[in-house]
2 protein chains.
Amino acid sequence: MSAYWQVQARKAQDILQQSIPKQWLIPTDKLPSADELHVEDFPHKSGLLTERELNITETSATSLVKDMGEGKLSAEEVVVAFLKRAVIGHQLLNFATEFMAEKAIARAKELDRHYKETGKLIGPLHGVPISVKEHIGIKGLTLHGGYAAWVDDIAADDAILLQYLGKAGAVFHVRTNQPQSLMHLCCSNNLTGTTLNPYNRKLSPGGSSGGEGASMAFKCAPLGIGTDIGGSIRAPAAFCGAYGFLPTARRNPCIGIKAPSLGNESILGAIGPLASQSIEDLNLFQRAVIDQEPWDIDISLAPVPWRRVKPTKEMTIGIMWDDGCVRPHPPVTRALKHAQEKLQTAGIKVVDWEPYKHAHGWEIVSSLYFPDAAASQRAILAQAGEPILPLTEWALQYGPKTPLTVRENWELNLQREVYRSEYHALMKSRGVDFVLCPSYVGVAPVLGEPHYWNYTAIWNILDQPAAVFPSGLTVDPALDAVPEYQPRSAVDEREWKNYAPERYAGAPIGLQLAGKHFKDEETLAAAELVSNIVLGKENA
Amino acid sequence: MSAYWQVQARKAQDILQQSIPKQWLIPTDKLPSADELHVEDFPHKSGLLTERELNITETSATSLVKDMGEGKLSAEEVVVAFLKRAVIGHQLLNFATEFMAEKAIARAKELDRHYKETGKLIGPLHGVPISVKEHIGIKGLTLHGGYAAWVDDIAADDAILLQYLGKAGAVFHVRTNQPQSLMHLCCSNNLTGTTLNPYNRKLSPGGSSGGEGASMAFKCAPLGIGTDIGGSIRAPAAFCGAYGFLPTARRNPCIGIKAPSLGNESILGAIGPLASQSIEDLNLFQRAVIDQEPWDIDISLAPVPWRRVKPTKEMTIGIMWDDGCVRPHPPVTRALKHAQEKLQTAGIKVVDWEPYKHAHGWEIVSSLYFPDAAASQRAILAQAGEPILPLTEWALQYGPKTPLTVRENWELNLQREVYRSEYHALMKSRGVDFVLCPSYVGVAPVLGEPHYWNYTAIWNILDQPAAVFPSGLTVDPALDAVPEYQPRSAVDEREWKNYAPERYAGAPIGLQLAGKHFKDEETLAAAELVSNIVLGKENA
């Protein structure tokens, strides 16, 4: 006899299985064997997709919309191409929680009709397939957030963000996996299992928007939607050779997300985009949403229009080589040096960025994640009696051992405000516009191993926008040997000991660019220029 | 032997007494006797001020700045005129906690030198005297917020808002009184005592910015600065025949204010202006501050520029006659009818506004004031052993009997968000741009009697901007008799029973106009037009 949580897990699995469009399932014998770790190139090697389908799925959202506007592509063929690739991706990576193929194709046909009748696109995201993390509500579908206890919860409405994206023409075709508790930088739960990284299936696609990371890496969608309160958009993007953006809080509407501690305003998560092709697509996403003035529905938002900001070389970038707590692994340092050289060659002013009290920042943010000593999360886990996964235990112990009083919570809020002000003032006084830094201590960690959050979480506590993009480099044992190093602390030692280049072979190396509070537009503009320079797409 | 709190009180009194510019003190025998209740016209009747001084002190900040820009007035004579009037006002009303005459005059002289040398004003508030509520920090001066325990606390810096105002040319000449705990709509503490209303010295000037109310009513400054988390700017303005503005939270910088529950972000107070002459001056104040982009220092602010919005008759005003809980006293209803007629005559669309769940709003906001069961406040009171005033006890019992858990606090936050969204959606669906409503259940209450906050607090919980202005009417026993009325509840009965027109003879009747969240500019523009129409300054 199954335990209650197993019954719930089975429901989630059934929903997933029944939703997979069977016509595009690949027979097992045509799939790479489980011990083939690098599968990112399988669409090309397998011959399962046509040349046109490969082209479509490797085209940016910006270009797809342009092509649809010129009648070169139909929305239907676009979504079908991505669906086919997504089904293969799911078979290899287990990244989906539910496909929405019929509805997506029907919507694409509507868009095509609209275009045929009017000669016009319906909006700036006309026909763009977007994958969506499961805990972002879609009317009539599950809203479990990786918790067995919540599998029967059905969304009454689409999340506000999806409503705006839908109006802009987006097509939602697949929902994606997330870890138990939504608080791992990894992607495993008791419902639909563990999502894998296509660059190396022993590695994590990151989390908590791990399904989105895999979706982007495998090009199952040009754009995806994740949420991020400690790195949950950026870590998956970085681990998967993709692009991701943490906006300043209170810019994108979060109404319609399910999570255990809604109402905790001490540390705000953000909802934002991932992209498989470019920073430009992240900008397209943001523009499409904020141009609709979402603050008129979600009045918790700041009524700040999405400004048009052009990339400029007139900026100063501070490179943070190390956060003063945990030394980045050699590949990350190599990618930062590579970026430094490229930027300097391109004539951009680059200085070193000395980190400011990142350990203090972590103390604040980690307490504010779970001021109730994670009682909320533990209650939901206990409700279904589901096993608590190691990374869940890991995260839940961040909080205080006993619940904070409201007064203690206020004091942390004040500390947070002071820290934010000091950091902001420091960027101004040092004349640094953006901080280029690691996205994580290393590249994609081995499954189950991501323990150190503070290369991403620091920008959450500071509420500064941050974009992640690939450096174009991958781990190379010949270049990324283990140097002599005396760790500064037990945490530093734990992370350093994980490193051996062979463990991460083939993993892409992502970088992160953080801007000032509410300078979202400038941050994306700078990240576009920087990523193009670093990737060699743009010269001085 | 004195108790500790008495020692502290004596210090506060000494600071006040020593600060009063002795040259302008009026001998007691030239002052109205204590039983003369209406003293608002004393400056005119007494002959103590010159015609020019009377003119200066009854001129708007906007006009004063214009006159100084044309060399018709010097900043020095302006501040001296207001100081003289303020000293008299203080003798009659006990509204000050400290004069800053020397510093103010020195600053005015600097401004005059600047003007003489450059032919230019230093900024949009050049030479405008502004009175400041005591709990807003001024470097080197007390920062006690009406608490005996805090009398020795000295501000390390000027509050951020004062820094911006100072850069714009403002001159701070007097600090003003506030009630114990800062949570009365009245103005009495154990330090410098009780502030009186110049229209009737048996009545309250309101609170908590009660010293500011008196300052405005007596024209001790053209502009004042208060803070408001439940009506503390608007009640004093309304009770004192003046103008006041509650901006949307996170627009004006609050850093540098002292209060017991800083860090409680569930219900945010706002800092904002009062004015003795016009809504236009409130706008001037806001523009002068926000044009300096205060979000670059106080990064808790929304980076929303101060938009230039012109008054327009193309708007719909909903009149809320009653909040569904406590019936306004007859003078208030008469003033609303008066306004309705004037607005209709002027061609403005006026409809009735049905209140939406104001009791529910009060339940949320009153719990969020003191989620720690007011332990913070009681600890500060106990620290000095000072007697707890009845209105302090009254306010502190609003909160829960035992401290909320952080989780319970989160649930209230969520209820608050839902309530805000619903109210906002309702204004849109009903096509109402502004709600014209009472500022309070009645006019200025008898000292010690203000108990019902929800005509103002409702806009705090909703975080909607609201402006208060005089209707031009005063209580008239001939017009404002007590009609037959069957109260709906004990609270309604308590407030109704207070009413007898004779008790409020001569009191001005204020009105309140609330706008939508973040529509501060539109709210002030509309309030300017509405107040001019209601006061007969502008016709259709």
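Summary table
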quantity: Packing-based exposure ordering (other Cβ within 10 Å, fewest first) of B:HIS338, B:HIS44; calculated: B:HIS44, B:HIS338
quantity: Whole-number percent relative contact order across chain A, with pairs defined as alpha carbons under 8 Å at least 6 apart; calculated: 16 percent
quantity: B:SER276, A:SER33 arranged by Cβ crowding within 10 Å, fewest neighbours leading; calculated: A:SER33, B:SER276
quantity: Region A:437-476: C-alpha gyration tensor shape, a/c 1.5 cut-off, then a/b vs b/c; calculated: oblate
quantity: Summed residue charge, Cβ within 12 Å of B:SER376's Cβ, Lys/Arg positive, Asp/Glu negative; calculated: -1
quantity: Cleavage-rule hits (trypsin sites (Lys or Arg not before Pro)) in region A:45-152: DSSP loop, at most 10 neighbouring Cβ within 10 angstrom; calculated: A:LYS72, A:LYS120
quantity: Alpha-carbon centroids, region B:319-366 and region B:282-306: separation in whole Å; calculated: 30 Å
quantity: Dipole-positive endmost among A:LEU396, A:SER19, A:PRO508 within the protein assembly as shown (Cβ charges, Cα centre); calculated: A:PRO508
quantity: Order of A:CYS186, B:CYS187, B:CYS325 - criterion: other Cβ atoms within 10 Å of each residue's Cβ, fewest first; calculated: B:CYS325, A:CYS186, B:CYS187
quantity: Extreme residue, positive dipole direction of the protein assembly as shown, given options B:TRP295, A:TRP306, B:GLY442 (C-beta unit charges); calculated: A:TRP306
quantity: Stokes-Einstein D (µm²/s) once Rh is taken as the Kirkwood radius of region B:70-114 over alpha-carbon pairs, at 4 °C in 1.567 mPa s; calculated: 115 µm²/s
quantity: Dipole magnitude of the protein assembly as shown about its Cα centre (Cβ charges: Lys, Arg +1; Asp, Glu -1), debye to nearest 20; calculated: 740 debye
quantity: Summed side-chain charge close to A:THR142 - residues other than A:THR142 whose Cβ falls under 10 Å, Lys, Arg +1, Asp, Glu -1; calculated: -1
quantity: Share, in percent, of DSSP beta bridges within the protein assembly as shown that are antiparallel, nearest 5; calculated: 65 percent
quantity: Sparse-neighbour loop sites [trypsin sites (Lys or Arg not before Pro); region B:418-504; at most 11 other C-beta within 10 Å; DSSP]; calculated: none
quantity: Net dipole in debye of region B:255-412 [+1 Lys, Arg Cβ; -1 Asp, Glu Cβ; about Cα centre; nearest 20]; calculated: 460 debye
quantity: Lysines whose Cα lies under 20 Å from that of A:LYS497, excluding same-chain neighbours fewer than 8 positions away; calculated: A:LYS202
quantity: GluC sites (Glu not before Pro) restricted to region A:446-501 and DSSP loop, no more than 15 other C-beta within 10 Å; calculated: A:GLU484
quantity: Euclidean distance between Cα centres, region A:38-86 to region B:433-458, Å; calculated: 63 Å
quantity: CD proxy at 222 nm, helix term only [per DSSP H run n ≥ 4: -39500 (n - 2.57); per residue of the protein assembly as shown; nearest 500]; calculated: -12000 deg cm²/dmol
quantity: Mean-position separation - Cα centroids, region A:461-540 and region A:138-188, in angstrom; calculated: 28 Å
quantity: Shielding score for B:400-406, defined as the mean number of other chain Cβ atoms within 10 Å; calculated: 4
quantity: Cα-based shape type of the protein assembly as shown, given that a ≥ b ≥ c are square roots of the gyration tensor eigenvalues and the cut on a/c is 1.5; calculated: prolate
quantity: Given B:LYS72/B:LYS109; B:LYS219/B:LYS519; A:LYS133/A:LYS519; B:LYS11/B:LYS258, the pairs whose alpha carbons are separated by over 20 Å; calculated: B:LYS219/B:LYS519; A:LYS133/A:LYS519
quantity: Summed side-chain charge close to B:TRP5 - residues other than B:TRP5 whose Cβ falls under 13 Å, Lys, Arg +1, Asp, Glu -1; calculated: 0
quantity: Cα gyration tensor shape of region B:431-540, rounded if a/c is under 1.5, else prolate or oblate by comparing a/b with b/c; calculated: oblate
quantity: Dipole magnitude (debye, nearest 20) for region A:66-202, charges at Cβ of Lys, Arg, Asp, Glu; calculated: 400 debye
quantity: Positive-end residue of B:PHE518, B:TYR419, B:GLN6, charge dipole of chain B with Cβ unit charges; calculated: B:PHE518
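Quick note: the coordinates plus some simple rules give every number you see, no bench work behind them. Quick caveat, the model's predicted, so the values are computed rather than measured. Cβ: placed from backbone, ideal geometry, glycine included. Neighbour counts: every protein chain shown.
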